[in-house]
């Protein structure tokens, strides 16, 4: 009893210190208030933390992290909590504080002439897109959760999205970062330079690190010219190989105008049609595979050029903005239309997409006869969301993973292309990565976070 009383006394003292830093209203301890922060979006992981702190500035983040370092409390940085691998919620293995960055949501500056925008980590991705658009520019990072995910989370997981083909992943959109280190010090690397050859590119350490090396509090992001014309097409195909070949053809004929090229299996479309009200099949006949392609430039006749490039292929080309949105609504609805199953976020070389799909599909059918596979993803960068079965298969997740990961390994692929490792794949990655690579990662973690307080139980 005496030990419990001591623990509660320390917890109360920490809560009081947190309130002095971020204000009474921004330290959450009541279970009803903290529940959304302690449970991940897929509801796979849920564990209590000591509290939720919601700072409004980099200075407040610095003070909170320094306090946690002194008290030995682990820090779990959290943005929109839209991740799919349990990377932004507590593990329950130790004292953990959720550091929610949603109040840090200012657009600090827009420099249209330098094609750069400086934003805080809590900015919702869609708000960054709108700020760029208001300046006559484009911020190309785009994904299904863009109305709620936050830019800090996007950068810490190196999010991909639909425009990677033309613009690259989140990592490639970053010119500079501001980061609070595990001891509370602030590294100000908010430089808007395209060229800076003065030593190690430190920002790259924190991009894709899932908050395990520090807390991203702000970023300078690249902007691009905004295309004045776009074309959206839903194209019927017989196989993934046909999709890869079509991508090559379109890029040969239309160059870098191709910004998105999304593969969708018939099973995915059927799931959307069955579960999403108002959805419609874009084509009159059923086909085993489809591609949703988006192209953009300043050409007034872009749609005509796309029609010419597609030739006799059966396709629905959007004739209006609303028709284009309806096609994208199908793609964006796929994750929730088949929510409860065994999910994979893999990548293989683009040229091996068809071979992977055939190998994994045959192996799964042999192991689980009659299994349904929901395959969709980004053909241009070899990233497939390869989801298997329904909720009845969840108890056999490890067996399913073993089959899929074996197929990934056969093509020197990755078991996490854009969602990260989090808690979900922390153990699985040990069998996938070279031991020396893991050793180097651990050494880096030990150097920057010797006490192991930054988002513990994730990645490593």
**OP:** Subtracting the Cα-Cα distance from 0.36 nm times the residue separation, let me have the gained length for residue 391 to residue 204 in nm, one decimal.
**Re:** 63.6 nm
Subject >> Volume per residue that the Cα convex hull of segment 206-287 spans, once the total is divided by residue count, Å³ >> reply: 223 Å³
Original post:
Rg/Rh for segment 203-359: what does it come to with C-alpha atoms and Rh from Kirkwood?
Top reply: 1.01
**OP:** Between the alpha-carbon centers of segment 322-388 and segment 173-213, tell me the distance in whole angstrom.
**Re:** 33 Å
Original post:
For the chain, what is the relative contact order in percent, using Cα pairs closer than 8 Å and at least 6 residues apart in sequence?
Top reply: 15 percent
Subject >> More than 41 Å apart - percent of Cα-Cα pairs taken over the chain >> reply: 20 percent
Original post:
In degrees between 0 and 90, to the nearest 10, how far off the longest principal axis of the chain does helix 2-22 point, with axes built from Cα atoms?
Top reply: 70 degrees
**OP:** Using only Cα positions of segment 323-392, each an equal point scatterer, no hydration layer, compute I(q)/I(0) via Debye at q = 0.14 Å⁻¹ and quote the log10 values to two decimals.
**Re:** -0.48
**OP:** Binning at 10 Å from 0, report for segment 414-453 what percent of all alpha-carbon pair distances ends up in each bin.
**Re:** 26, 51, 23
Original post:
Rounded to the nearest 500 deg cm²/dmol, what is the calculated helix-only ellipticity per residue at 222 nm for the chain, with -39500 (n - 2.57) per DSSP H run of length n ≥ 4?
Top reply: -10500 deg cm²/dmol
Original post:
For a label point 7 angstrom out from the Cα of residue 43 toward its Cβ, which stretches of segment 327-357 have the backbone nitrogen within less than 13 Å?
Top reply: 339-341
Original post:
How big is D for segment 386-451, in µm² s⁻¹ as a whole number, if Stokes-Einstein is applied with the Kirkwood radius of its Cα pairs at 10 °C and 1.306 mPa s?
Top reply: 116 µm²/s
Original post:
How far, in degrees from 0 to 90, does helix 240-254 lean away from the longest principal axis of the Cα atoms of the chain, to the nearest 10?
Top reply: 80 degrees
Original post:
What distance in nm separates the simple spin-label points at residue 251 and residue 57, each placed 7 Å from Cα in the Cβ direction?
Top reply: 4.7 nm
Subject >> Two-decimal Rg to Rh for segment 317-460 - Kirkwood Rh, Cα set >> reply: 1.04
Original post:
What ratio of Cα Rg to 2.2 N^0.38 Å holds for segment 153-200?
Top reply: 1.35
Original post:
Using Cα-only point scatterers and the Debye equation, what is log10 of I(q)/I(0) for segment 1-149 at each q in 0.09, 0.10, 0.13, 0.19 Å⁻¹, rounded to two decimals?
Top reply: -0.34, -0.41, -0.65, -1.14
Subject >> Inter-probe distance in nm under a simple model that places probes 7 Å from Cα toward Cβ, at residue 193 and residue 451 >> reply: 3.3 nm
Original post:
From largest to smallest, what semi-axes in whole angstrom does segment 107-225 give when each is the square root of 5 times an eigenvalue of its alpha carbon gyration tensor?
Top reply: 21, 16, 13
Subject >> Normalised contact order of segment 2-100, rounded percent, pairs of Cα under 8 Å and 6 or more residues apart >> reply: 30 percent
**OP:** Report relative contact order for segment 107-225 in percent, whole number only (criteria: Cα-Cα under 8 Å, sequence separation at least 6).
**Re:** 32 percent
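We did not get these values from a lab; they are worked out from the coordinates using the rules stated. Keep in mind that what you see is a predicted model, and the values were worked out from it rather than measured. Glycine also receives a Cβ, built like all others from the backbone with ideal geometry; neighbour counts cover every protein chain displayed.
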